[in-house]
Structure formats: C-alpha cells, structure tokens
Amino acid sequence: MNLIVFEDEAWRNFTQVTYTRPAYRLLTPSGLILDRIRKGFLGYEMYAFIRDYLAEFEKVREPSLRVNTSPSRDDGAVIINGLIKRSDIVFRLIEKTAGREFILLAGDRICAALLRGHRVSEIEDPAALTTLLKSMVGEVEALEAPGDSLYNFPWDLLEETPPTPPVSEPYQHDQHVVVLGRPEYVFIPPSCEIEPFTVIDARRGPVILGENVKVESGTKLIGPCVIGQDSIVYGGRVGPNVYTGPVCRISAEIEYTIMTGYSNKHHYGYIGHSMIGEWVNIAAGTTTSNLKTTYGEIKVKMGDKVVHTGRQFFGSVLGDHVRTMVDTTLMTGRLAGPFAVLSGVVVKNIPPFTGIDFQREMYELELEVELRVLERMMRRRGISPSERYLELVRKLYELTRSERTGVLGHKSDLP
C-alpha cells in the first residue's frame with residue numbers, strides 16, 4: 001500500500017512559514033505533521049506531492065520520500081492532506097470501510113482518500129491530484145470528516161492541546177529545583193542540565209525536554225511545554241503552550257508560541273500567541289502585541305483579503321531567517337515573510353526579502369547579501385547550508401519578487 005501526502009491551496013494561509021517548507025513540515029504541539037502521519041502508517045511506501053520549487057531540497061532532506069513521483073498502478077493509495085489535524089481518523093475509516101474506495105471531505109477541502117492504484121498512477125503534482133480527487137466525488141463514496149479536521153490558519157496550530165504522554169516515573173530533581181503539580185508529568189532526559197532555582201510547573205500540562213537541553217537558574221517552565229533537543233533556556237517565564245524545535249535559544253517571557261527550530265530569543269522582550277520559523281533572530285526588546293486595547297477580535301490581512309480570526313489573542317507569524325532589530329514592536333496580527341528585517345514599530349505585513357527602517361519605509365534586500373547572512377548565521381550553529389538549500393532561497397527570491405513591488409531600492413545591513 002502507498003501513502004501519499006499532498007498540499008492543497010491552504011498552504012497559502014501559512015506562507016510566512018510554508019514558503020520554505022511543505023505544509024506537512026509545520027511544527028505543531030504534537031510534533032511535525034508528517035511525523036504524526038507516518039506513525040499511523042508504518043510500512044507504507046511514502047510519496048509527497050508538493051510545489052515544484054521545494055521538490056529538489058525535499059529529496060535531499062528525506063531521500064526515502066518519493067517526491068512528485070507517480071506511485072505504482074498495482075497498489076492502493078491512502079491519500080492524506082498535509083494539513084490534517086488527526087490522521088488516526090483516516091486509519092479508522094480504512095478499517096470501517098473494509099478497504100472500499102472513499103473520499104473524506106472537510107467542507108470544500110479534501111481531507112483524505114483511499115483509491116485504487118490505477119487512479120493515481122499518472123499524477124505528478126499536487127494541483128493535478130486535488131483536481132482528480134474532487135472529480136471523484138460522486139464516483140466513489142464521499143464521507144464528511146468529523147469536526148475541525150484540517151488546519152486552516154496559523155492560530156489553529158497555536159490553540160491545539162498536545163496529547164498527554166504516558167505517565168513516567170516521577171522526575172527526581174535536585175532539592176533546589178521546584179516541581180509544582182505532578183512530577184510524573186515532567187519528562188527530562190538524563191542528558192539535560194537543570195540548574196538550581198528552576199521552577200517546573202506541571203499543574204496545567206506536561207513539561208517535556210529533548211536531549212541535551214540546558215535550563216539556567218531563574219527559569220520557570222510552565223506546562224504544557226516542549227523544548228526541543230540541544231536548546232538552551234536562559235531564564236524567564238517560558239510557557240504555557242510553548243513548543244520549540246531543536247537548537248533554540250530562549251529567554252525572558254514567551255507563551256502560546258511555536259518556534260520551529262534553530263531560532264534565537266536570547267534577550268528580554270515578550271513573544272505571545274505567535275509562530276516563529278527556523279533561523280529567526282529576535283533582538284533584545286522585541287515584543288509582539290497579542291491583544292488589542294479594545295479587547296476586540298483580531299483581524300489579519302492575508303494578501304488582498306482581511307481574515308476574521310475569531311480570536312481575542314493573536315500575535316505574529318515570522319518566517320524563516322527573519323531578523324529583528326533592538327526594541328522592535330509588532331502590532332497584533334502582523335506577518336513577516338522569510339528573510340524580512342524588522343525595526344521600530346511594525347504596523348504592516350512585511351513581504352519576503354524586505355526590510356523596514358525606523359521611518360517605516362520598506363526596502364528590498366539584496367539576494368547575495370542575504371545568502372551571506374544566512375551562511376554566517378548557520379555557521380554559528382555548526383551547519384553549512386547545502387547548495388540545494390541555497391538554490392531554494394534563490395528561487396524563492398524570484399517567486400516573491402512581485403510582492404515587493406513598490407518598496408524602495410536596495411539597502412544593505414551587511415558591512
């Protein structure tokens with residue numbers, strides 16, 4: 001049996017973080033979407049249908065994943081939307097329908113499907129697959145997905161509650177480390193270093209640390225909270241609902257935020273109800289506003305439309321390689337595309353590869369300068385960017401050029 005994970009057009013609602021990765025690589029409180037899907041379908045041959053410009057780097061990142069390649073005619077195909085919230089509902093449907101073909105709908109979006117192999121054997125891109133699946137409605141059994149089965153916008157990920165992990169042995173901590181709540185909901189590997197005068201609050205949810213995490217004195221970790229491997233917490237109030245990928249640097253106050261990985265928030269400032277990509281550098285004093293002074297609903301401008309979030313709290317979305325200058329303030333619901341450079345008070349969305357100066361004037365960043373900055377930052381973490389990754393960035397610069405129409409000419413912040 002084959003497993004096909006595909007992107008639908010909803011990836012555009014997450015462009016700040018999906019310009020540089022397939023939608024199924026978004027980090028959620030329960031881990032990467034792709035990893036969650038994979039766990040439910042062990043032993044399946046995995047295929048991915050994604051945007052063309054991401055394909056070559058994705059093949060390097062995960063060679064076992066067959067990208068934009070037609071599956072065999074002889075095997076059936078389980079097809080899952082890369083923005084699915086719970087793939088276990090698909091597995092249960094396969095059992096319930098005894099292997100019959102079906103399409104699982106979530107409103108006007110395709111959530112999942114089970115089809116015979118010959119139906120998808122000529123498909124090689126996500127748009128063609130989506131068209132095929134929609135054309136199959138009426139030809140095979142159409143089912144309606146339960147509840148809110150797909151992610152639609154970034155705030156959907158931020159509000160998700162992670163599953164409670166199996167109860168572990170109570171955390172054996174130093175007498176100078178305080179654990180509030182249930183010690184068996186604290187998951188800290190022996191490789192971690194927890195300095196004295198740390199408070200771990202597991203009253204509202206589990207606190208989970210990856211391997212080799214260091215937590216310095218003066219930190220309060222509030223669950224639910226997951227800190228990725230090789231990260232460092234330098235003090236402050238972290239949580240609730242903070243989820244980071246690997247090799248992050250965290251300090252001061254951060255809550256209700258996903259930080260994808262390799263990002264740096266080492267200094268004072270507040271980040272709340274926000275989504276942070278990879279390789280983001282958040283300078284000292286940077287703050288995201290997440291609540292209007294009217295306590296009203298936050299609206300977010302996405303392209304030419306204004307989206308009503310239905311939420312009282314929502315901060316910002318910062319794409320990969322965004323850098324902020326000291327004391328940057330982002331108003332509620334602001335979006336910054338990959339490689340944006342922010343300063344002052346940010347009152348508008350910032351396109352990819354765009355800087356904003358202290359007079360709130362936007363200017364286009366030079367590609368070659370940004371590539372050199374990228375290499376410098378990654379070397380600080382002992383990583384050299386691959387040529388495929390650099391090529392992806394070059395393609396993205398051209399793909400997003402129209403978004404920078406009307407901004408000022410080049411400026412460089414690289415001496």
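Only the coordinates and a few stated rules stand behind these numbers; no lab work does. Note that the structure is predicted; figures quoted are calculated from it, not measured. All Cβ positions, even for glycine, are placed from backbone atoms using ideal geometry, and neighbour counts span all protein chains on display.
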Item checked: Sequence-distant aspartates and glutamates (8 or more away, or on other chains) whose Cα lies within less than 18 Å of Lys292 -> Glu255
Notebook entry, point to check: So what is the calculated 222 nm ellipticity per residue for the chain, using -39500 (n - 2.57) for each DSSP H run with n of 4 or more, over all residues, to the nearest 500 deg cm²/dmol?
Noted result: -5000 deg cm²/dmol
Item checked: Order of Phe6, Phe314, Phe41 - criterion: other Cβ atoms within 10 Å of each residue's Cβ, fewest first -> Phe41, Phe6, Phe314
Notebook entry, point to check: If packing is taken as the mean number of other Cβ atoms within 10 Å per residue, what is the order of 206-216, 184-194, highest first?
Noted result: 206-216, 184-194
Note to self: Just to be sure I understand the model, the point goes 7 Å from the Cα along the line to the Cβ. What's the resulting Glu144 to Asn212 distance in nm?
What the structure shows: 5.0 nm
Check: Which of the lysines could be linked to Lys214 by a straight reach, that is with a Cα gap under 18 Å, when you skip same-chain ones fewer than 8 residues away?
Finding: Lys265
Next item on the list: Give the calculated FRET efficiency between Glu387 and Lys299 to the nearest 0.05, with a Förster radius of 30 Å applied to their Cβ-Cβ distance.
Entry: 0.15
Next item on the list: State to the nearest 20 debye the size of the charge dipole of the chain about its Cα centre, where the only charges are +1 on K and R beta carbons and -1 on D and E beta carbons.
Entry: 540 debye
Check: When only DSSP loop residues count, what GluC sites (Glu not before Pro) in the range 346-375 have their Cβ near at most 13 other Cβ atoms within 10 Å?
Finding: Glu361
Notebook entry, point to check: How much FRET efficiency would the formula 1/(1 + (r/R0)^6) give for Arg92 and Phe358, where r is the Cβ-Cβ distance and R0 is 41 Å, rounded to 0.05?
Noted result: 0.15
Margin query: Treating only the Cα positions of the chain as identical point scatterers, give the base-10 log of I(q)/I(0) from the Debye formula at each q in 0.06 Å⁻¹.
Written below: -0.25
Checklist line | Of Gly99, Thr161, Leu396, farthest towards positive along the dipole that unit charges on Lys, Arg, Asp, Glu beta carbons give the chain | finding: Thr161
Next item on the list: Hand me the chymotrypsin sites (Phe, Trp or Tyr not before Pro) from the range 317-415 located in a DSSP loop with no more than 14 other Cβ atoms within 10 Å, in residue order please.
Entry: Phe358
Item checked: the range 1-123 - Kirkwood radius from inverse mean 1/r over Cα pairs (Å) -> 14.7 Å
Next item on the list: Using a cut-off of under 20 Å, list every residue of the range 223-261 whose amide N is near the label point 7 Å from the Cα of Glu195 along the Cα-to-beta-carbon line.
Entry: 227-239, 247-254
Next item on the list: Report the FRET efficiency, 1/(1 + (r/R0)^6), for Val326 and Asn152, where r is their Cβ-Cβ distance and R0 is 51 Å, rounded to 0.05.
Entry: 0.90
Note to self: Using +1 at the C-beta of Lys and Arg and -1 at the C-beta of Asp and Glu, which of Val67, Gly40, Ala77 has the Cα lying farthest in the positive direction of the dipole of the range 17-105?
What the structure shows: Gly40
Next item on the list: Order by neighbour count: Trp155, Trp11, Trp279, fewest other Cβ atoms within 10 Å first, most last.
Entry: Trp11, Trp155, Trp279
